Amino acid sequence: MTGFDRAELDEMVRRWIAENERCEKLGDWKPLAQMYTVDATYGWNYGPTDEFMAVGRDEIRDLALGQEMEGLEGWQYPYQQFVIDERSGDAIGFWKQVYDTTPRADGSKYTVNGIGGSWFRYGGDYQWSWQRDFFDFGNVSALFLEMMTDKAMSDGMNQRIAKATSGRLPGWYKIGTSPAPLW
């Protein structure tokens, strides 16, 4: 016997992808917050010493989808594949990170190499209760450095990087000190 109806999980993923695409076009990911339970958590690792964690729908909207996505207008995160476990309600979505605004000199798009993805836990009622992102921080850093060298960073991305390097922002924690476990 399964814990969740497979058709419901498939519909959740369909809704999630559609809302992601809509928010990408808007350049505003905050509306995605409606797709999380009130007490959901959403986090990711920022390297060997730091992690990010948003606890509750309001922090997910304001910090994870607001503060952390600020300056990333023009970026797209097309999902490549989802793997769903109806017993646990877990879903893993693999995505790319593609800058669709300014092409490289050769015409290709700035794209983060490596694997990017999100691990979700379904909370019922077409909402996620838990999300953890994973991405190749080394490849993200290398691409951003390439974009800076090529002067391909938008003003918003430059402002985001300046803000992020100025010190610890809300939701940023030393590893092991966040209010919810990363994994």
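The values are calculated or read from the model by the stated rules, or taken from the named source; none is laboratory data. Here the structure is a predicted model, which means the values were calculated and not measured. When we count neighbours, we look across all protein chains shown, and the Cβ atoms used for this are built from the backbone with ideal geometry, even at glycine. Remember, those area values only see protein heavy atoms, side chains included, never the ligands or the DNA or RNA. Shrake-Rupley method; radii C 1.70, N 1.55, O 1.52, S 1.80 Å.
Observations, loosely collected:
- Whenever a residue of the range 152-172 is touching a residue at least 24 places away in the same chain (Cβ under 8 Å), its partners that are among the hydroxyl-bearing types (S, T, Y) and part of a loop (DSSP other than H, G, I, E, B), lying with C-beta atoms within less than 6 angstrom and at least six residues away or across chains, give the pairs A152/T102.
- Count of residues meeting criterion [modelled with pLDDT of 95 or more and under 15 Å from the mean Cα position of the chain (by Cα)] in the range 113-128: 7
- Matching residues in the range 124-142 - criterion: being of a type outside the set (D, E) and either open to solvent by 40 Å² or more (accessible area, probe 1.4 Å) or over 24 Å from A54 (Cβ atoms) (or both): Y126, F134, F135, F137, G138, N139, S141, A142
- Segments classed as strands (runs of 3 or more DSSP E), wholly inside the range 8-123, with at least 1 members that are open to solvent by less than 20 Å² (accessible area, probe 1.4 Å): 36-45, 50-55, 90-95, 116-122
Conditions tested, residue by residue: (1) touching a residue at least 12 places away in the same chain (Cβ under 8 Å); (2) closer than 23 Å to M157 by Cβ.
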{"residue": "G3", "(1), (2)": "yes, no"}
{"residue": "L9", "(1), (2)": "yes, no"}
{"residue": "W29", "(1), (2)": "yes, yes"}
{"residue": "T37", "(1), (2)": "yes, no"}
{"residue": "Y46", "(1), (2)": "yes, yes"}
{"residue": "E68", "(1), (2)": "yes, yes"}
{"residue": "D106", "(1), (2)": "no, yes"}
{"residue": "Y110", "(1), (2)": "yes, yes"}
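- When residues in the range 136-180 are screened for being farther than 24 Å from D106 by Cβ and part of a loop (DSSP other than H, G, I, E, B), 12 of them pass.
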